[in-house]
Amino acid sequence: MIENLILMNGYGIYVWLSFAITFLACGIIYYKTYKTLKKYEKDFIKEFDQLSDSEKKLVLSKSKVASQVLATYNRSI
């Protein structure tokens with residue numbers, strides 16, 4: 001039973017190889033995207049720290065994304 005599932009009438013090598021390549025490609029894309037996001041968050045924090053207190057409050061009140069970035073950045077430190 002399990003052997004039939006793995007072999008799939010001779011097409012198993014192609015099917016399982018396709019699954020492996022797809023999962024590998026998705027994993028690589030996820031890793032690269034995550035790495036780029038963290039880089040942009042660090043750049044944002046660096047620029048945000050250079051603002052005055054009034055400008056910081058203005059940015060936080062207008063941007064929901066900025067608040068979320070700061071919240072996740074503080075948790076990761």
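Taking θ = phi - 60°, what integer Hz values does the Karplus form 6.51 cos²θ - 1.76 cosθ + 1.60 yield along the range 11-21, in sequence order, with x for Gly and Pro?
Karplus-based 3J(HN,Hα) across the range 11-21 equals 9, x, 4, 6, 5, 5, 5, 5, 4, 5, 5 Hz.
Restricting to DSSP H runs of at least four residues, report the calculated mean residue ellipticity at 222 nm for the chain, -39500 (n - 2.57) per run over all residues, nearest 500 deg cm²/dmol.
Here the helix-only value at 222 nm equals -29000 deg cm²/dmol.
Where the accessible area of the chain is counted over protein heavy atoms with a 1.4 Å probe, how much of it, in %, is carbon and sulfur?
Taking all protein chains in place, the chain shows 66 percent carbon and sulfur surface.
Classify the chain as rounded, prolate or oblate from the Cα gyration tensor: take a ≥ b ≥ c as the square roots of its eigenvalues, call it rounded if a/c is under 1.5, otherwise prolate when a/b beats b/c and oblate if not.
Details: a/c = 5.43, a/b = 4.40, b/c = 1.23.
Prolate, since a/c reaches 1.5 and a/b exceeds b/c.
Roughly what angle does helix 53-62 make with the longest principal axis of the chain, taking Cα atoms, 0 to 90 degrees, to the nearest 10?
50 degrees
Pairs to check: Lys32/Lys62; Lys38/Lys62; Lys42/Lys62. Give those whose C-alpha atoms are more than 27 Å from each other in this structure.
Numbers: Lys32/Lys62 29 Å; Lys38/Lys62 22 Å; Lys42/Lys62 20 Å.
Pairs exceeding 27 Å: Lys32/Lys62.
Write down the accessible area per residue of the chain in Å², having rolled a 1.4 Å probe over the full set of protein chains.
Roughly 91 Å² per residue, with all protein chains present.
The values are calculated or read from the model by the stated rules, or taken from the named source; none is laboratory data. What you see is a predicted model, and the numbers here were worked out from it, not measured in a lab. Protein only, heavy atoms only, side chains kept; ligands, DNA and RNA dropped before computing areas. Shrake-Rupley method; radii C 1.70, N 1.55, O 1.52, S 1.80 Å.
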